[in-house]
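Below you'll find the structure, written out as structure tokens, and then a few comments.
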Amino acid sequence: MDVLIVDDSSTMLMYLQRLLVNEYAADVVTNRDPVQALLEARTHAFDLVLVDQNMPQMDGVAFIRALRAIPHYAQVPIAMITGEAEVSLRLAALEAGATDFLDKFADRIELTVRLRNLIMLARAVRRLDDEASSIAGELERAMRQLREREAEVIFRLALAVEYRDNDTGDHTWRVARYSQIMAETLGLDPDYSWRLYLAAPLHDVGKVAVPDGILLKKGRLDEAEFAVIKNHPVVGKRILDGSGSDLIQLAAEIAEAHHERWDGTGYPHGLCGAEIPLSARIVAVADVFDALTTARPYKDAMSFEEARRCIEGERGRHFDPDCVDAFISAWDRVQSVRAARGGEILAGLVRGTEPWARIPEMRREIAFATE
């Protein structure tokens, strides 16, 4: 039990301190300066505060009002030490937040009983605070685990989509990281950047509706086949739409609009400029860049520099100029992503919240069967 006593009378300080230590084994801190006592209260969480009314610089009512403004002391018992009996003073103290009064001229028995009651109240408040803190901690841990599981499910679902596309899943992870890097470079909220990282992997979830004969075709697609491909954003939106999860809602937004173009010539809705959600504008750059630098059944991989020139060349046509500028200005970070495997944990990411830490590399069995 930690007690703060504020009184400019050294005699009263010693008397109360002796009572609290001898009767209740309290740890007592005394201070004759109310201003200094307030500073001390901000750095030390006292369970009970006793304060004199008549002090230089600040009276007891003002001290109590200032102390109650400190979050920790919203419920902590505070007793005013006073020898005055005026009703107006006591009402002012109660309005300021006083819990009780200690009469300077009361006999030892009454003072001891009042202190006992204050000590019991302080212990009860502390116990409730400890229980509330414990419950809040458990709730936070449960919510964190729920968010981690939500993120892991998203990455595993995205990996299943890539599994059909003869990919290890690294494309999904790289698009997520490129998107996060651009969001951070654009100065977006860190929480939004992290949610974008988690939602971006589902950008191509609509490809589950694309037949393998089209998805894995080694030659150019004909008009009818490309029409099937162009429908995957609509399917992705339909799969993810209507969720109560903010993360899934963001993923639905990305899935539907990541093939729209800044100049309005994209699909499926022909949106242009700021009509396209910012999340989709960011992922569009990340997705195209990684597609250019990744070998597919129908094409070889471009070099990083060549792909960068393609991205820059589409600034203001395919891509949002601000997103391209952010991508280029973070070029060193972009290059470092390609060197890392999707299952690894990058510096700065907490192991417990990195979904890829729990997801193994996968390849389609058919890829091994045909080697």
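For the stretch 1-9, state whether one or more residues are more than 22 Å from residue 104 (Cα to Cα), touching a Phe, Trp or Tyr at 6+ places or on another chain (Cβ under 8 Å) and assigned to a helix (DSSP H, G or I). Reasoning before the result, please.
First, pick out the residues of the stretch 1-9 that are more than 22 Å from residue 104 (Cα to Cα): 1.
Of the ones still in play, those that are also touching a Phe, Trp or Tyr at 6+ places or on another chain (Cβ under 8 Å) are 1.
Next, only the ones that are assigned to a helix (DSSP H, G or I) stay: none.
There is no residue in the stretch 1-9 that is more than 22 Å from residue 104 (Cα to Cα), touching a Phe, Trp or Tyr at 6+ places or on another chain (Cβ under 8 Å) and assigned to a helix (DSSP H, G or I).
Filter the stretch 283-318 down to residues that are farther than 23 Å from residue 256 by Cα and among the aromatic types (Phe, Trp, Tyr) and give me whichever is modelled with the highest pLDDT.
304
Would you check which residues across the stretch 215-227 are within 18 Å of residue 259 (Cα to Cα) and buried (at least 16 other Cβ atoms within 10 Å of the Cβ) and list them?
Hits for the stretch 215-227 are 215, 225.
Has the stretch 138-151 got any residue that is among the polar types (S, T, N, Q) and in a helix (DSSP H, G or I)? Walk me through it before giving the result.
Kept after step one, since they are among the polar types (S, T, N, Q), are these residues of the stretch 138-151: 145.
Still in the running and in a helix (DSSP H, G or I): 145.
Yes, that holds for at least one residue.
Could we say that residue 274 is within 26 Å of residue 334 (Cα to Cα) and free of Cβ contacts under 8 Å to residues at least 24 places away in the same chain here? Outline the logic, then answer.
On the way: within 26 Å of residue 334 (Cα to Cα): yes; free of Cβ contacts under 8 Å to residues at least 24 places away in the same chain: yes.
Considered against the rule, which asks whether it is within 26 Å of residue 334 (Cα to Cα) and free of Cβ contacts under 8 Å to residues at least 24 places away in the same chain, residue 274 comes out as yes.
Has the stretch 96-105 got any residue that is small (Gly, Ala, Ser), on the phi > 0 side of the Ramachandran plot and under 36 Å from the mean Cα position of the chain (by Cα)?
The initial filter retains those residues of the stretch 96-105 that are small (Gly, Ala, Ser), namely 96-98.
Going one step further and asking which of them are on the phi > 0 side of the Ramachandran plot, we end up with 97.
With under 36 Å from the mean Cα position of the chain (by Cα) added as a condition, the list becomes 97.
Checking the stretch 96-105: at least one residue is small (Gly, Ala, Ser), on the phi > 0 side of the Ramachandran plot and under 36 Å from the mean Cα position of the chain (by Cα).
Report, by residue number, each residue of the stretch 105-142 that is surrounded by fewer than 17 Cβ atoms within 10 Å (Cβ to Cβ), touching a Leu at 6+ places or on another chain (Cβ under 9 Å) and closer than 17 Å to residue 51 by Cα.
The answer is 112, 114.
Determine, yes or no, whether residue 134 is in a helix (DSSP H, G or I), at pLDDT 90 or above and hydroxyl-bearing (Ser, Thr, Tyr).
When the stated conditions are applied, residue 134 does not pass them.
How about the stretch 55-76: which of its residues are modelled with pLDDT of 90 or more and assigned to a helix (DSSP H, G or I)?
Correct list: 60, 61, 62, 63, 64, 65, 66, 67, 68, 73.
Conditions tested, residue by residue: (1) assigned by TED's automatic domain parsing to the domain that holds residue 177; (2) touching a helix residue (DSSP H, G or I) at 6+ places or on another chain (Cβ under 9 Å); (3) under 27 Å from residue 156 (Cα atoms); (4) in a loop (DSSP other than H, G, I, E, B).
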position: 228; (1), (2), (3), (4): yes, yes, yes, no
position: 249; (1), (2), (3), (4): yes, yes, yes, no
position: 259; (1), (2), (3), (4): yes, yes, yes, yes
position: 264; (1), (2), (3), (4): yes, yes, no, yes
position: 270; (1), (2), (3), (4): yes, no, no, yes
position: 279; (1), (2), (3), (4): yes, yes, yes, no
position: 285; (1), (2), (3), (4): yes, yes, yes, no
position: 302; (1), (2), (3), (4): yes, yes, no, yes
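The values are calculated or read from the model by the stated rules, or taken from the named source; none is laboratory data. Source: prediction; values computed, not measured. For neighbour counting, all protein chains shown are included, and Cβ atoms are generated from backbone atoms with ideal geometry for every residue, glycine included.
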